[in-house]
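The values are calculated or read from the model by the stated rules, or taken from the named source; none is laboratory data. Since we're looking at a predicted model, the values are computed, not measured. Reconstructed Cβ throughout: ideal geometry from the backbone, glycine too, with neighbour counts over all protein chains shown. The accessibility values were calculated without ligands, DNA or RNA, using every heavy atom of the protein model including side chains. Shrake-Rupley method; radii C 1.70, N 1.55, O 1.52, S 1.80 Å.
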Amino acid sequence: MPRRHDIDALRVIAFSLLILYHSAMVYVADWSFHIKSTYQAEWLQYPMIALNRWRMPLLFMISGIAIGLARVEGHRLRFAGTRSLRLLLPLVFGMLVVVPPQTYFQIIQQYGYTGGFTHFYKLYASGGLCRIDQCLVTPTWNHLWYLAYLLPYTLLLLAALPLLQWLRGRWGNAGEPRRLSVFMLLTLPVLWLLGVRLWLAPRFEETHALLNDWVVHAESLPLFLLGYVLAIQSGFWNWARQQRWRTLVAALLAIGVELCLRWFGHHPPSGPMPEWALHVPWYLVERIARVTYTWMALLAILGWGRALLDHPFRWLPYAGEAVFSWYILHQTLIIAIAYWLIPMKLGGGLEAALVVGGTVAGCLMVHEYLIRRVGWLRPLFGLKPRPAAPSIPIPKTAGMQP
């Protein structure tokens, strides 16, 4: 199949947004994070919510699409082995090397830890980071939880390939999708996500700890599998591109409803509420708006990506390789830079700009001058081995025997 440049570009964009999102976590008020600045703003919650609703669902859906485009049906065992190695190595290396500084700076700022990094690392490696009222589970994967989830999801997908291929056939690949398929595509994901929000979310906390993380699994795994099913459905991609304005408008209306209700919840009107407003199930309305926004935003992003990004951009091959190492590095750099800058009291705007700029510069330099050039480091950051240099034929000279 021809290369799907739009999927490659969306993957790069989605991972790049993590730098902005996790940088903003340092400054958003009332949200917990590993380290917090003294400059915090409540208004940041609203753009963060708008981004948060689809950023990880998009990544899981793109991961399923990528497997679907890779046509792994004929070599499932080989793909399972290579994918397991490519995910496990960065995960283990990240937990032992990349993530520990995040926890170190966290316990200094939040718990008043005064020991050195060597003493801390012994506690980190042994799982002994406890105080009287709280323990931190270590070693931990922190922002690398996506890798820990992607591996079992991939193995489950490979085991369920016969069923998923049957679903592909039921969709129909040629031409426009059937009306029933479009109706199910628009409604079933919304109804599923609504069930998760109404039934699972009130009962289970989102932990990112893999085990017993039922809410995240119920949201992420179906989207991952759906991505595989839709990957080669040309009818779906044509439809998504054609409907991109409608899905975008629907997404904007839905997030507008959710954010307005959230704002009124934090800033209720001073006067009495109208009688009719007292009988509206606002919680249900907010949940419906939330899940509708999530799914419509995903459809809009895929449709607009198909329309605008399916080109062999010159930057895409380099960015496609670099994005994995940037993903592994970025949060550690954010926390380290913020920890260093916070005591300087530079002001919120300058401090945040330096955190983002320093993180981008750090990721760029470490990837360009270290990771991609050192052979043994490449697999530890999810990169494929460097291709062997082409051999240069030695020209024959007069009188030389062949």
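A Förster radius of 45 Å combined with the Cβ-Cβ distance from Val92 to Ala353 puts the calculated FRET efficiency at roughly 0.85.
Got a number for carbon plus sulfur as a percent of the chain's accessible area, 1.4 Å probe? After summing per-atom areas, the C and S share lands at 68 percent. The label point for Met184 and the one for Ile49, both projected 7 Å from the Cα toward the Cβ, are 3.4 nm apart.
Of all aspartates and glutamates in the structure, the ones whose alpha carbon falls short of 14 Å from that of Lys384, not counting any fewer than 8 places away in one chain, are Glu321. Working value for region 116-272: equivalent-ellipsoid semi-axes of 38, 27, 14 Å, each the square root of 5 times a Cα gyration tensor eigenvalue, largest first.
With contacts defined as alpha carbon pairs under 8 Å and 6 or more residues apart, what's the relative contact order of region 52-197 in percent?
On the way: 59 pairs, mean separation 33.7, N = 146.
Once normalised by length, the contact order is 23 percent.
Residues of the chain: accessible area per residue at 1.4 Å, in Å²?
Details: 21080 Å² over 402 residues.
On a per-residue basis, 52 Å².
The Cα center of region 182-198 and the Cα center of region 65-79 differ in position by 27 Å. Comparing Leu96, Gly320, Leu144 along the charge dipole axis of the chain, the residue lying farthest to the positive side is Gly320, per the Cβ-charge model. Each label point was placed 7 Å from the Cα along the Cα-to-Cβ direction; for Met344 and Leu370 their separation is 2.0 nm.
Rounded, prolate or oblate: which one fits region 188-275, using the alpha carbon gyration tensor with axes a ≥ b ≥ c (rounded when a/c is under 1.5, else prolate when a/b beats b/c, else oblate)?
Details: a/c = 3.26, a/b = 1.31, b/c = 2.49.
Oblate.
Each residue of region 112-118 was assigned a 3J(HN,Hα) from its phi angle through the Karplus expression (A = 6.51, B = -1.76, C = 1.60, θ = phi - 60°), giving x, 5, 10, x, x, 5, 5 Hz with x at Gly and Pro. Step through the residues of region 28-34 one at a time and calculate ³J(HN,Hα) from phi using the Karplus curve (6.51 cos²θ - 1.76 cosθ + 1.60, θ = phi - 60°), rounding each to whole Hz and writing x for Gly and Pro. Rounded to whole hertz, the list is 6, 6, 6, 10, 7, 7, 5. Averaging 1/r over every pair of different alpha carbons in the chain and inverting the result gives a Kirkwood radius of 23.6 Å.
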